[in-house]
Each structure stands twice: as structure tokens, then as C-alpha cells.
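The structure under discussion appears below in the form of C-alpha cells.
The values are calculated or read from the model by the stated rules, or taken from the named source; none is laboratory data. This is a predicted model, so every value here is computed, not measured. Glycine also receives a Cβ, built like all others from the backbone with ideal geometry; neighbour counts cover every protein chain displayed. Surface areas here come from the heavy atoms of the whole protein model, side chains and all, with no ligands, DNA or RNA. Shrake-Rupley method; radii C 1.70, N 1.55, O 1.52, S 1.80 Å.
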Amino acid sequence: MRTICATIDGTLAIEFGQKSRPGGFLNEAGDIISDIALFFPLAFVPPFSVVRIVFLIALIVLSEVAGIIGPLLGSDRRLEGPLGKSDRSIVLALIGWVTVVYGKLPEGAWLLVPVLCLALVATIWNRLRFALADPHRSTGGKISTYRVIGAPAFAIKSKLSGIV
């Protein structure tokens, strides 16, 4: 349902010319808050633990922040995976389905959290890597010619100097 609502919301905003900066902020904040709200109850579902689920949630938040940082680095909003928002929704749906069908999760389900954490680390890496390597990255409207190594500090400084 979350994915469907987010898609409808985005489509309506684009189709009816209602895209706005505050709306974009609310959309991103809503995505992060909904991820926290959807994943946190798993901390109380055996065989998961509070510490592991909190760590998973921290990586989820970092992966969304890594996507949001794309425009700050001169790229687009990054959506690379392997564990993006819709993928996480599928994982939650499968966990719910297994719980409903079998009444509980199998003992080996605890392995799911480390696998998801690794996938989130790969997602964060991919989003930052593609944001830095984007050939459309620009400073002042020109295609960037500086190297990717050392680019984050330069890109952030140049973007912030335009804001301040």
C-alpha cells in the first residue's frame, strides 16, 4: 500500500503541476518515517532482535539519505539498489505473508537481517558511486571535469556556496 500511495502521490504531483520543494521534502521525510514505522515492529518479532532491527533501520535511513544527497552532489535523486524502497516493501510483504500462513517466522529467519544489511550497504555504495560518477554533474551549468576522487568536498562546497 505504501508503494502504491507514493506512486499515486508522485504521479498526481507531476501530472497536475503540483511539484514543489516543500512537497519534495515532505515526500522524502515521509518515506523515511514510514520505513521506521514499518520496520521497527519487527524488533519484537522472534527471531529478530531489537539491536539488529535498529541497526537495519539506521542503514535504511542512510540509504535514503544517500539517495537524497545526489542533487547536492550535482546529480539526480539516486534510486539504485539492490535494496530500494519498493524492494524493502516486498521484503516486508513476504515477512507478513509467511507470518500469516505459518503463524510465526522460522528460526532461521534471523539470517534475513544480516543479508538485508549487506544489501543496504551495497545500496548506499551504489547511490553515492553513481551520484559522483554522473556525467551530468555540473558546477555552474557546465559539465564537470574534475575527478571523482576528492569530488564530494568540492561539490558540497560549491553547492553550499550557491545557497549561502
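Mind checking whether some residue in region 96-117 is under 23 Å from ILE8 (Cα atoms), open to solvent by 60 Å² or more (accessible area, probe 1.4 Å), part of a helix (DSSP H, G or I) and not acidic (Asp, Glu)? Step through it out loud before you land on a result.
Quick first cut of region 96-117, residues under 23 Å from ILE8 (Cα atoms) only: none.
No: region 96-117 contains no residue that is under 23 Å from ILE8 (Cα atoms), open to solvent by 60 Å² or more (accessible area, probe 1.4 Å), part of a helix (DSSP H, G or I) and not acidic (Asp, Glu).
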Item to complete: Could you please tell me which pairs satisfy a Cβ distance under 8 Å, a separation of 6+ or placement on different chains, a first residue in region 100-114 that is within 14 Å of PHE44 (Cα to Cα), and a second residue that is part of a loop (DSSP other than H, G, I, E, B) and of a type in the set (Ser, Thr, Tyr)?
Response: TRP110/SER49
Practice prompt. Report yes if ARG88 is touching a residue at least 12 places away in the same chain (Cβ under 8 Å), open to solvent by 80 Å² or more (accessible area, probe 1.4 Å) and assigned to a helix (DSSP H, G or I), otherwise no.
Written response: no
Item to complete: Within region 1-12, count every residue that is surrounded by 14 or more Cβ atoms within 10 Å (Cβ to Cβ) and either free of Cβ contacts under 8 Å to residues at least 60 places away in the same chain or in contact with a strand residue (DSSP E or B) (Cβ under 8 Å, 6 or more places away or on another chain) (or both).
Response: 2
Worksheet item: Pick from SER34, SER75: which is of a type in the set (S, T, N, Q), more than 18 Å from LEU118 (Cα to Cα), in contact with a Lys or Arg (Cβ under 8 Å, 6 or more places away or on another chain) and touching a residue at least 40 places away in the same chain (Cβ under 8 Å)?
Response: SER75
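Give region 13-54 a look and list any residue that's open to solvent by 50 Å² or more (accessible area, probe 1.4 Å) and under 15 Å from the mean Cα position of the chain (by Cα), or say none.
So in region 13-54, the residues open to solvent by 50 Å² or more (accessible area, probe 1.4 Å) come out as 14-22, 25-27, 33, 36-38, 40-41, 44, 46, 50-52, 54.
Correct list: PHE25, LEU26, ASN27, ILE33, ILE36, ALA37, LEU38.
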